[in-house]
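Asks: The structure under discussion is supplied below as structure tokens; questions concerning it will follow.
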Amino acid sequence: MLHQSYSRRQLLQLALKAGVGSCLLPFMNTTTNAMNIITAKNTLIKRPIPGTNELLPVVGLGTWQTFDVGPSPVSRADVKEVLRLFAQMGGSLIDSSPMYGRSEEVVGDLSVDLKLQKKLFMATKVWTQGEQNGIKQMETSVREMQVRPLDLMQIHNLVDWRTHLKTLYRWKAEQRIRYLGITHYLTSAFDDLERIIKTESIDFVQLNYNIATRDAAKRLLPLAAEKNVAVIVNRPFESGSLFSAVKGKPLPEWAAEFDCQSWGQFFLKYILGHPAITCVIPATSKPKHLTDNMQAGYGRLPDEATRQKMEAYIQKIS
């Protein structure tokens, strides 16, 4: 881990070696809070959670519509392999919600079966109205995910966020959760997210951002960096529409310059090239797709000039 005794020049040298220096410059200072940790080419990149500098692998795992499976071993075979590979390849943050059917239960059961509880960073959400309903739902989530303390509890889509935030502050003080955050998946909620980031003491914000929907980069990502708020990105593939847009189209040869071998990696590396992003959480129930997604967190990342080139290329071919 980098310590605060590192100079700005030393931090910049690390970034330049990783090929991401120019896009880091606007976000760098003499502390590690605004600086990315870049690891060796054969190791998954990790970045610090602002405020604590706990390192978090940059590629996580979403569970929406993928981990909502039945209790039988046959039903869970694919997602069990996905979770095993995820941890094997260095992944940590797995994100769920009561909204996602059986996903929390499946994550909890499989993490126990695979003996991964101490290796995973467990994140879920509260998604209901009212203080007591929220407490009851969160207690159920913690029980189903089978981890104490829970690493991250988030307020899903800002539902009754003022009420739940009071509970989360208390739970964090009581060490029932380690971090707290807010989420949304629509750009129409960005004004609300912005106000909360400015006025509340939150650790994480989860939002939608990808090469086609870049609104978050205008205000929210710089604000999160300024306020030392970690950023989790959902909808990295725009619900699959990005793959439809490039179907049958060639991956540019220059993608190899940042160790990119597929369109999935292209889209994920674009996101991770932004220095304010802490982790991206593509969801899948297919081991092959999981392996490809995880590769995006290895090797070099595109700098800002390359990211602009990526945007232009997608606009040209789609």
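Asks: Can you pull out the residues in the range 50-86 that are within 15 Å of the chain's Cα centre (by Cα) and within 20 Å of Asn293 (Cβ to Cβ)?
Replies: Scanning the range 50-86 gives Leu55, Leu56, Pro57, Val58, Val59, Gly60, Leu61, Gly62, Thr63, Trp64, Phe86.
Asks: Out of the residues in the range 305-318 that are in contact (Cβ under 8 Å) with a residue 24 or more places away in the chain, over 17 Å from Val233 (Cβ atoms) and not hydrophobic (A, V, I, L, M, F, W, C), state the one that is surrounded by the most Cβ atoms within 10 Å (Cβ to Cβ).
Replies: Thr306
Asks: Let me ask something else. Could you check the range 165-177 and list, in sequence order, the residues that are in contact (Cβ under 8 Å) with a residue 24 or more places away in the chain and over 23 Å from the mean Cα position of the chain (by Cα)?
Replies: Lys166, Thr167
Asks: Do we have any residue at all in the range 277-295 that's basic (Lys, Arg), crowded, with 20+ Cβ neighbours inside 10 Å and either modelled with pLDDT of 95 or more or in contact with a Phe, Trp or Tyr (Cβ under 7 Å, 6 or more places away or on another chain) (or both)?
Replies: Within the range 277-295, not a single residue is basic (Lys, Arg), crowded, with 20+ Cβ neighbours inside 10 Å and either modelled with pLDDT of 95 or more or in contact with a Phe, Trp or Tyr (Cβ under 7 Å, 6 or more places away or on another chain) (or both).
Asks: In the set Arg162, Arg219, Arg195, which member is without any contact (Cβ under 8 Å) to a residue 40 or more places away in the chain, over 22 Å from Arg235 (Cβ atoms) and not hydroxyl-bearing (Ser, Thr, Tyr)? It would help to see each step written out before you state the result.
Replies: Details: Arg219 fails: over 22 Å from Arg235 (Cβ atoms); Arg195 fails: over 22 Å from Arg235 (Cβ atoms).
Matching residue, one of Arg162, Arg219, Arg195: Arg162.
Asks: Just one of Ala212, Ala189, Ala225 is small (Gly, Ala, Ser), surrounded by fewer than 20 Cβ atoms within 10 Å (Cβ to Cβ) and part of a helix (DSSP H, G or I); which is it?
Replies: None of the other options fit; the residue is Ala189.
The values are calculated or read from the model by the stated rules, or taken from the named source; none is laboratory data. Computed from a predicted structure; not experimentally measured. Every residue, glycine as well, gets a Cβ built from its backbone with ideal geometry; the counts of neighbours run over all protein chains shown.
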